[in-house]
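Every number in this text was worked out from the coordinates using simple rules, so none of it is lab data. Just so you know, these numbers come straight off a predicted model, no measurement behind them. For neighbour counting, all protein chains shown are included, and Cβ atoms are generated from backbone atoms with ideal geometry for every residue, glycine included.
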């Protein structure tokens, strides 16, 4: 009886996956176009959030009041659910692809900003004093000492922001962003689960790919000495 039920479930799963694959392959559904829109809807906000948050973090990290305000406002923004955040942005920026990019960019700024500020504030003052003693200017200290030291921390912030943005793109379909989120919404509304699954699987694949790429980037930017120290700590803990 168990094997009979298992065979039925397996056959049903195979049939459903076949429906999903047929939906993806159907030219009338323009799956590739929706996938490309989702990719753009992810890449643009990630880049814009980095370009905005990094200089802002550098500018405020050494100013206690500015850093306090930036960190707390960013923390408050991260506490707002993504759907609520997008709903708040609709009266301000409207609906469509560009407003969605703006909303997702604002959603991606806090993790990068927080990590930039925390990373710069966590640098050992002795390193900066040594650089000053060598005659480096403030800009040289930032470029040659501070930025290299905090790159892994900044990369971790970008990684968090990227995953959050990719995971929120389906919700952005509610404000006219387009992309794979349209399949999910339409599929749920008309009970076409193959269509909804086709959109969901695309988002899952993009999220996993984004996680893998930024995890690799973070590892590459982490100095060898720090990686060796982390491995030693793990061995001692084991």
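Some notes on this structure:
- Percentage relative contact order, the stretch 25-138, counting C-alpha pairs under 8 Å, at least six apart: 39
- Cα-based helix-to-principal-axis angle, 224-237 vs the chain, degrees rounded to 10: 70
- Three semi-axes describe the equivalent ellipsoid of the chain; taken as square roots of 5 times the Cα gyration tensor eigenvalues and ordered largest first, they are 42, 24, 14 Å.
- Residue-averaged 222 nm ellipticity for the chain, from DSSP H runs of 4+ at -39500 (n - 2.57), nearest 500: -28500 deg cm²/dmol
- In degrees, nearest ten, helix 2-25 long axis to first principal axis of the chain (Cα): 70
- Residue with peak Gaussian network fluctuation, the chain [Cα springs, cutoff 10 Å], from 99, 81, 125: 125
- Summary value for the chain: 25 percent relative contact order, contacts being C-alpha pairs under 8 angstrom separated by 6+ residues.
- Top of 197, 79, 167 by mean-square fluctuation, Gaussian network on the chain, Cα under 10 Å: 79
- C-alpha long axis of helix 64-79 to longest principal axis of the chain, angle in °: 10
- Listed residues 123, 184, 112, most fluctuating in the chain (Gaussian network, C-alpha, under 10 Å): 123
- Label separation (residue 83 vs residue 123): 4.3 nm, computed from points 7 Å beyond Cα along the C-beta direction.
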